[in-house]
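Colleague: One structure follows; several queries about it will come next.
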Amino acid sequence: MHFSLGNLRSQVRRYVPITAWLPAYDRQQLSADAIAGVTVWGVMTPVALAYAQMAGVPAVAGLYTAFAALMAYAIFGTSRHLKVTASSTMAVMSAAVVGALAGGDAARYAALTAGLAVTVGLILLAAGIARLGFISDFLSKSVVTGFVFGLALTIAIGQAPKLFGVPSTSGNFFQQVYGLVVQIPEANPRTMVIGFGTIAILLLIRHYYPRIPGGLVVLAMGILAVTFLHLDEKGVSTIGVFPTGLPTPRLPDVRLIDVPYLLTGAAGIVFLAVGESLGSARAFAARHRYEIDADQEMIALGAANLGTGLFQGFTADASLSSSATGENAGARTQVSSLVTAALIFITLLFLAPLFKNLPNAVLGGIVIVAVIGLMDVAELKRYYASNRNDFLLAMVALFGVITTDVLMGLIIAVMLSLLIILYRSSRPHVAVLGKIPGQVVGYGDIGRHPENVTESELLIVRLDAPLYFLNANVARTQVLDMVAASQPPPRAVIFHLGASADLDVASLDMLRTLLVELEELGIQVFLAQVRGGVRDRLRLTGVMDVLGAGHVYPSVDAAVYAFRQQAGTVAGEAAAAGS
């Protein structure tokens, strides 16, 4: 009974980390966390309102999302600094998935948006429990950079009509640019002053007074301008009536026929959300010297999205800007997120009526300034200078977003990343090894170190990747080509297998075939740096019988020595027979 209770407590601490760290919380950190929480609230509130409109739902849904996501992540997350909340990336991805399904029905649109968040949450929960945190590494960094850059351009042009007071248009980036340009003669001058004034004020505050929450400043200024100058009566669009309080948590009203579409969209969103969130969490953890649990992070992200869906919000993930704001303000733990969530709750209860006169142009300006930071020109320049292939991949992902749509751009980004993984895995580098001069033992890549000395009558090759079905035949072909190119032909090949912890059926079949082919050429095969699991597999499948147990060695030096001993013995026997 005692063991079972102890095991239960261990599992609770494992899956609900707040039960472990909150009881041991150092109260001396409370003032720093409280100040950070207030600071993040000032930055997050206007941004959450703006991102909700990007997602196509009422602005108040941004606060629902921020509240639920912050609370859930604080309970289940392992990062002390990450803020999971409404984000521009998830808002526009949500709109891309839901827009085609809703058919112009606002109530159905809101239900599908919440349903997508719940679907994303369930997938993330399942993946976390199944310990699939490694999928965060599936998206290539260069592809993500290009995708996010293109996404930022798409978000910016999608918000631009708010700055002019004209209707937004649909289509890809270029179609939206054209739609905006032809409508400029119909722009509302007052709206333009508010919109471009918002951008100017935010940029000035960011440059000269970075500690001031610029979003809160322009939000207040916009509300005051509309209220006292009656700009809503002069064509300036506002967000209108703003409900107070939190909605009652409930499952979204989603039809069964919509579930497959939501699952398809959610699967792509999960890749992006996990990549962004875990990447940010690891960066903060490395900077402050603590560890995160990738699998538990997926559970925390899943709980956050499940919470936002139940509270009628939209899909959420980590906000790098909010997280950095909290860190700079002195956040030490997730208590800062709990403080921010409490302030958002108070905002919903008591301050909601004040937002009635908030101009949409202010929200558009806030979003545009926020996504400017996602257009990482410096990173693209770095790719161009250091690796043209990565630059090309980034540009393909970028143009995939702006020439098609966000969802198709995501599919292109995911497929590109997977193709990169498959291509690079299927084209392993096979190095020819030579003796390192001046060392008693040790062999290195001749391609990188031409001064290394090749062994006469021996070809020593090393596969610099695990051997498995995708690259087995490629490796075989490369080895045979190296044998054919060797002059004079080698009497033996030493195959360095140190990169392989196990072998699948295709790899074992390839080795068996290679052994036969080289034997027909009168060439022996030795295996070096063979791990225990690989030796077991060779014995179990009979490949060891074909190879010979005396041809497997723990190191290249041992294999070379064995070959030399064998060659010397053969030479000695031949000399004795001749005499």
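Colleague: Of the options Val144, Gly195, His230, report the single residue whose Cα projects farthest towards the positive end of the charge dipole of the chain (beta-carbon charges: Lys, Arg +1; Asp, Glu -1).
Modeller: His230
Colleague: Moving on to the next point. Using only the alpha-carbon atoms, how far is helix 214-229 inclined from the longest principal axis of the chain? Give it as 0 to 90 degrees, nearest 10.
Modeller: 20 degrees
Colleague: Using the Karplus equation 6.51 cos²θ - 1.76 cosθ + 1.60 (θ = phi - 60°), what ³J(HN,Hα) coupling, rounded to whole Hz, does each residue of the stretch 526-539 give in order, writing x for Gly and Pro?
Modeller: 10, 10, 10, 6, 8, 6, x, x, 5, 4, 4, 5, 5, 5
Colleague: Do any trypsin sites (Lys or Arg not before Pro) in the stretch 274-345 lie in a loop, going by DSSP, with at most 14 other beta-carbon atoms within 10 Å of their beta carbon, and if so which?
Modeller: Arg289
Colleague: Using θ = phi - 60° and the Karplus form 6.51 cos²θ - 1.76 cosθ + 1.60, what ³J(HN,Hα) does each residue of the stretch 96-110 get, whole Hz, x for Gly and Pro?
Modeller: 5, 6, 7, x, 6, 8, 6, x, x, 8, 4, 5, 5, 4, 5
Colleague: With +1 on the Cβ of every Lys and Arg and -1 on the Cβ of every Asp and Glu, and nothing else charged, how large is the dipole of the chain about its Cα centre, in debye rounded to the nearest 20?
Modeller: The calculated dipole for the chain is roughly 1320 debye.
Colleague: What number comes out for the charge environment of Ala273, summing +1 per Lys or Arg and -1 per Asp or Glu over other residues with Cβ under 12 Å away?
Modeller: In short, -3.
Colleague: Something else about it: Which peptide among 537-550, 350-363, 107-120, 368-381 comes first, and what is the full order, when sorted by highest mean count of other Cβ atoms within 10 Å?
Modeller: Descending packing order for the listed peptides: 107-120, 350-363, 368-381, 537-550.
Colleague: Using a 10 Å cut-off around each Cβ, can you sort Trp21, Trp41 from fewest to most neighbouring Cβ atoms?
Modeller: Result, fewest neighbours first: Trp21, Trp41.
Colleague: Hey, another quick one. Can you bin the stretch 1-123 into rounded, prolate or oblate? Criterion: square roots of the alpha carbon gyration tensor eigenvalues sorted a ≥ b ≥ c, rounded for a/c under 1.5, prolate for a/b above b/c, oblate for the rest.
Modeller: Since a/c reaches 1.5 but b/c is at least a/b, the shape of the stretch 1-123 is classed as oblate.
Colleague: Quick one: which residues, 5+ away or cross-chain, put their amide H under 5 Å from the amide H of Thr238? H built at 1.01 Å from N.
Modeller: Asn360
Colleague: Just to confirm a number: summing +1 for Lys and Arg and -1 for Asp and Glu over residues other than Ile368 whose beta-carbon lies under 14 angstrom from that of Ile368, what do you get?
Modeller: Neighbourhood net charge equals +2.
Colleague: Same structure, new question: Counting DSSP beta bridges with both partners in the stretch 430-578, what percentage is antiparallel, nearest 5?
Modeller: Rounded to the nearest five, the antiparallel share is 35 percent.
Colleague: Restricting the count to DSSP beta bridges whose residues both fall in the chain, what percent are antiparallel, rounded to a multiple of 5?
Modeller: That works out to approximately 45 percent antiparallel.
Colleague: Tally Lys/Arg at +1 and Asp/Glu at -1 over every other residue whose Cβ is under 13 Å from the Cβ of Ala72; what's the total?
Modeller: -1
Colleague: List every residue whose amide H lies under 5 Å from the amide H of Phe526, counting only residues 5 or more places away in sequence or on a different chain, with H placed 1.01 Å from N in the peptide plane.
Modeller: For Phe526, the qualifying residues are Val493, Ile494, Phe495.
Colleague: Now a separate question. Using only the alpha carbons of the stretch 430-578, determine the length spanned along each of the three principal axes and report them from longest to shortest in whole angstroms.
Modeller: 44, 38, 28
Colleague: Next question. Which of the lysines could a cross-linker bridge to Lys234, judged by Cα under 27 Å and excluding same-chain residues fewer than eight apart?
Modeller: Lys162, Lys356
Colleague: A further question follows. Specify which labelled value, from (1) 117, 69, 51; (2) 149, 100, 48; (3) 105, 56, 47, agrees with Cα extents along the principal axes in Å derived from the coordinates of the model shown.
Modeller: Read-out from the structure maps to (1).
Colleague: Apply the Karplus parameterisation 6.51 cos²θ - 1.76 cosθ + 1.60, with θ equal to phi minus 60°, to every residue of the stretch 437-442 and state each ³J(HN,Hα) to the nearest whole Hz, in sequence, with x for glycine and proline.
Modeller: x, x, 10, 5, 10, x
Colleague: While we're looking at this one, here's another question. Farthest toward the dipole's positive end in the stretch 268-344, which of Leu278, Gly313, Ser337, given Cβ charges of +1 (Lys, Arg) and -1 (Asp, Glu) about the Cα centre?
Modeller: Ser337
Colleague: Over 16 Å, how big is the tail of the calculated P(r) for the stretch 518-573, in percent of all Cα pairs?
Modeller: 49 percent
Colleague: What angle do you read, to the nearest 10 degrees and between 0 and 90, between the alpha-carbon axis of helix 2-15 and the longest principal axis of the chain?
Modeller: 70 degrees
Colleague: Here is a further query. Order by neighbour count: Tyr178, Tyr261, fewest other Cβ atoms within 10 Å first, most last.
Modeller: Ranked by crowding around the Cβ, least crowded first: Tyr178, Tyr261.
Colleague: Under 27 Å from the Cα of Lys381, which lysines turn up, not counting those fewer than eight places away in the same chain?
Modeller: Leaving aside lysines fewer than 8 places away in the same chain, those within reach of Lys381 are Lys141.
Colleague: Here is a follow-up. Note down the nm distance, to one decimal, between modelled labels 7 Å out along Cα→Cβ at Leu354 and at Phe469.
Modeller: Taking the simple label geometry, Leu354 and Phe469 are separated by 6.2 nm.
Each reported figure results from applying straightforward, stated rules to the coordinates on display, with no laboratory input. No experiment lies behind these values; they were computed from the predicted model shown. All Cβ positions, glycine included, derive from the backbone under ideal geometry; neighbour counts span all protein chains shown.
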